[in-house]
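**Student:** Shown below is the structure under consideration.
The values are calculated or read from the model by the stated rules, or taken from the named source; none is laboratory data. Treat the numbers as computed from the prediction; the structure is a model and nothing was measured. We place every Cβ from the backbone using ideal geometry, glycine too, and count neighbours over all the protein chains shown.
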Amino acid sequence: MCQKFKYKLNKIFRDRDHHMKNKNILLVDDEPEILAIFRIFLESAGYYVESATTAKEALEKIGAKKFHLAVLDINLPDALGTELLEKINGIQPEMIKIIVTGDDIDDKVSKSLGNDVDAYIIKPVKKKILMGIIEQKIGDHQLL
């Protein structure tokens, strides 16, 4: 392989990795253990992470700061994830939204969420799946 081509290819991947990191991610889940584990995964990959345990707390953070992506539990103590999604879209519609749920996503839930969700993950969440989806969605968003 030509040295010049290798250099350009390496630069493309370095630039892509740089743009994928340094993103603000909001984690919303009422289980502190899940928040702690997800935070470790994401911060070790270079993301800036904030967390919230309620929809109210999440909305306060979203109102005060731009987030590139949110990982949202669908069942929160003070609201359903569908209600939170609707409010997020009113504040930061460009934010990537990933729903995490302990329940299977049926057609009814999928239709009620509509196009407001970028991805679904079923608990228990494996690190490889979480990180793969986040990196894919951020990468796709960079292309827009």
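**Student:** For region 118-144, how many residues are in contact with a strand residue (DSSP E or B) (Cβ under 9 Å, 6 or more places away or on another chain) and part of a loop (DSSP other than H, G, I, E, B)?
**Tutor:** The qualifying residues number 3.
Residue-wise test of (1) assigned to a loop (DSSP other than H, G, I, E, B); (2) crowded, with 16+ Cβ neighbours inside 10 Å; (3) among the aliphatic types (A, V, I, L, M); (4) at pLDDT 90 or above.
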site: Met1; (1), (2), (3), (4): yes, no, yes, no
site: Lys8; (1), (2), (3), (4): no, no, no, no
site: Phe13; (1), (2), (3), (4): no, no, no, no
site: Phe38; (1), (2), (3), (4): no, yes, no, yes
site: Phe41; (1), (2), (3), (4): no, yes, no, yes
site: Glu50; (1), (2), (3), (4): no, yes, no, yes
site: Glu60; (1), (2), (3), (4): no, no, no, yes
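**Student:** Right, something else. Are there any pairs, at least 6 apart or on different chains, whose C-beta atoms fall under 6 Å, with the first in region 63-87 and touching a residue at least 60 places away in the same chain (Cβ under 8 Å) and the second crowded, with 18+ Cβ neighbours inside 10 Å and outside any strand (DSSP E or B), and if so, which?
**Tutor:** Note: pairs meeting the criteria are His68/Lys23.
**Student:** Checking the structure you have, find out if any residue of region 114-128 is at negative phi, loosely packed, with under 12 Cβ neighbours inside 10 Å and modelled with pLDDT under 85.
**Tutor:** In the first step, residues of region 114-128 are kept if they are at negative phi; the result is 115-128.
Filter again for loosely packed, with under 12 Cβ neighbours inside 10 Å, leaving 115, 124, 126, 128.
Add one more test, that the residue is modelled with pLDDT under 85, and what stays is 115.
Checked against the condition, which is being at negative phi, loosely packed, with under 12 Cβ neighbours inside 10 Å and modelled with pLDDT under 85, region 114-128 yields at least one hit.
**Student:** Take Leu85 and tell me if it is within 19 Å of Val100 (Cα to Cα), crowded, with 17+ Cβ neighbours inside 10 Å, over 13 Å from the mean Cα position of the chain (by Cα) and modelled with pLDDT under 95.
**Tutor:** Values: within 19 Å of Val100 (Cα to Cα): yes; crowded, with 17+ Cβ neighbours inside 10 Å: yes; over 13 Å from the mean Cα position of the chain (by Cα): no; modelled with pLDDT under 95: yes.
It is false that Leu85 is within 19 Å of Val100 (Cα to Cα), crowded, with 17+ Cβ neighbours inside 10 Å, over 13 Å from the mean Cα position of the chain (by Cα) and modelled with pLDDT under 95.
**Student:** Consider region 62-75. How many of its residues are surrounded by fewer than 16 Cβ atoms within 10 Å (Cβ to Cβ) and at pLDDT below 95?
**Tutor:** The qualifying residues number 1.
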